[in-house]
Amino acid sequence: MFFKNLTLFRFPTSVDFSEVDTLLPHVVLKPVGALEMSSRGFISPFGREEKEQFSHRIGDALWLTVGGEEKILPGAVVNDLLARRLEEIEEKEGRKPGGRERKRLKDDLLHELLPRAFVKSSRTDAFLDLQHGYVAVDSSSRKTGENVMSDIRGMLGSFPAMPLNAEVAPRAILTAWIAGEPLPEGLSLGEECEMKDPAEGGAVVKCQHQELRCDEIDKHLDAGKQVTKLALVFEDNLSFVLGDDLIVRKLKFLDGALDQLEHIDEEGRRAELDARFALQSGEIRRLFLLLEQAFKLSKADS
């Protein structure tokens with residue numbers, strides 16, 4: 001279990017999480033009902049089969065997982081059956097149903113099909129750093145991240161989490177780094193970037209597997225293009241692509257980090273997950289603190 005993306009939010013460190021284990025059993029995922037399209041709720045980070053421990057914590061690092069169940073009911077199937085029903089009515093009664101009747105027929109079809117529809121399961125993991133006041137959601141989707149914030153808010157009753165707010169323009173910082181300005185200590189350029197002309201509808205250039213400090217890149221910069229995504233490496237531990245939206249994509253844990261797992265003495269799946277979470281939360285914390293300083297990220301209001 002390693003996060004592959006990080007959508008980050010800040011929250012006040014004054015938020016009280018002491019009752020989380022008491023509150024979680026009341027907001028767990030329930031199986032989607034026969035006539036429901038979807039269901040959401042918390043599940044154990046250790047898997048759906050775990051029915052007692054719905055969170056995991058090491059020091060100030062809290063791991064929560066939101067599970068989901070969604071009925072798979074393709075629109076094409078519904079529309080095809082609806083077309084047949086409409087044809088039957090036209091043949092038997094010699095009339096074409098109006099808009100209101102068509103809607104009622106479609107609703108009736110949905111109620112017929114829902115109990116037999118396949119169910120797709122999902123999970124979204126989130127790491128909360130209670131000391132530094134941020135949440136890292138394992139998703140590159142802002143909407144998915146916001147949904148997790150809403151789930152936590154529903155559990156706690158109040159959770160004033162907000163997207164990251166940088167006091168300096170992230171695009172300007174990323175562009176400066178690729179142009180040759182010094183990067184923060186421990187950070188180096190990768191081999192991928194995306195550059196855009198700031199004009200509306202302007203050109204977009206994507207580079208992969210390329211040395212980023214080169215004449216070709218400089219020509220694009222001279223033409224006024226700005227960096228919107230930039231591949232970076234943090235020491236020998238992490239590689240990732242950072243966007244000007246401050247979402248971390250394509251996160252990979254490198255040998256410098258993974259070598260630490262070789263020294264685990266305990267055996268078993270739970271011990272392995274515990275060690276991976278300890279490693280992951282520590283590395284994400286170090287990365288967040290670096291980004292916080294580089295982009296002058298605002299603190300959340302208490």
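The values are calculated or read from the model by the stated rules, or taken from the named source; none is laboratory data. Keep in mind the model is a prediction, meaning the values are calculated, not measured. Positions of Cβ are backbone-derived with ideal geometry, glycine not excepted, and every protein chain shown enters the neighbour counts. Each accessible area value is taken on the protein alone, full model and side chains, heavy atoms only, with ligands, DNA and RNA left out. Shrake-Rupley method; radii C 1.70, N 1.55, O 1.52, S 1.80 Å.
Would you kindly identify the helices (runs of 4 or more DSSP H) lying entirely within region 191-302 that contain at least 3 residues that are closer than 16 Å to LYS4 by Cβ and not assigned by the TED database to the domain that holds LYS143?
Here the list reads 269-294.
Is one or more of the residues making up region 47-55 under 30 Å from THR22 (Cβ atoms), open to solvent by less than 70 Å² (accessible area, probe 1.4 Å) and assigned to a strand (DSSP E or B)?
Checked against the condition, which is being under 30 Å from THR22 (Cβ atoms), open to solvent by less than 70 Å² (accessible area, probe 1.4 Å) and assigned to a strand (DSSP E or B), region 47-55 yields no hits at all.
List every residue pair whose Cβ atoms sit under 7 Å apart, with the two residues 6 or more apart in sequence or on different chains, where the first one lies in region 283-302 and is of a type in the set (Gly, Ala, Ser) and the second, anywhere, is crowded, with 19+ Cβ neighbours inside 10 Å and in a helix (DSSP H, G or I).
ALA294/ILE173
Does region 59-77 contain at least one residue that is in a loop (DSSP other than H, G, I, E, B), under 18 Å from ARG123 (Cα atoms), of a type outside the set (D, E, K, R) and in the same structural domain as VAL135 (by the TED database)?
No, region 59-77 contains no residue that is in a loop (DSSP other than H, G, I, E, B), under 18 Å from ARG123 (Cα atoms), of a type outside the set (D, E, K, R) and in the same structural domain as VAL135 (by the TED database).
Mind checking whether some residue in region 67-82 is surrounded by fewer than 15 Cβ atoms within 10 Å (Cβ to Cβ), closer than 30 Å to ASP21 by Cα, out of contact with any helix residue (DSSP H, G or I) (no Cβ under 7 Å at 6 or more places or on another chain) and hydrophobic (A, V, I, L, M, F, W, C)?
Looking for residues that are surrounded by fewer than 15 Cβ atoms within 10 Å (Cβ to Cβ), closer than 30 Å to ASP21 by Cα, out of contact with any helix residue (DSSP H, G or I) (no Cβ under 7 Å at 6 or more places or on another chain) and hydrophobic (A, V, I, L, M, F, W, C), one finds none in region 67-82, hence no.
Taking ASN165 and the conditions (1) within 23 Å of the chain's Cα centre (by Cα); (2) open to solvent by less than 30 Å² (accessible area, probe 1.4 Å); (3) within 16 Å of ALA294 (Cβ to Cβ), which numbered condition does it fall short on, given that it satisfies the others?
Tallying (1) within 23 Å of the chain's Cα centre (by Cα); (2) open to solvent by less than 30 Å² (accessible area, probe 1.4 Å); (3) within 16 Å of ALA294 (Cβ to Cβ), ASN165 fails exactly one: (2).
Any residue in region 1-18 that is in contact (Cβ under 8 Å) with a residue 40 or more places away in the chain and within 20 Å of GLU283 (Cα to Cα) sitting within a Cβ distance under 6 Å of a residue that is hydroxyl-bearing (Ser, Thr, Tyr) and assigned to a loop (DSSP other than H, G, I, E, B)? List the pairs, counting only those 6 or more apart or interchain.
Partner pairs satisfying both residue conditions: ASN5/SER139; ASN5/SER140; THR7/SER139.
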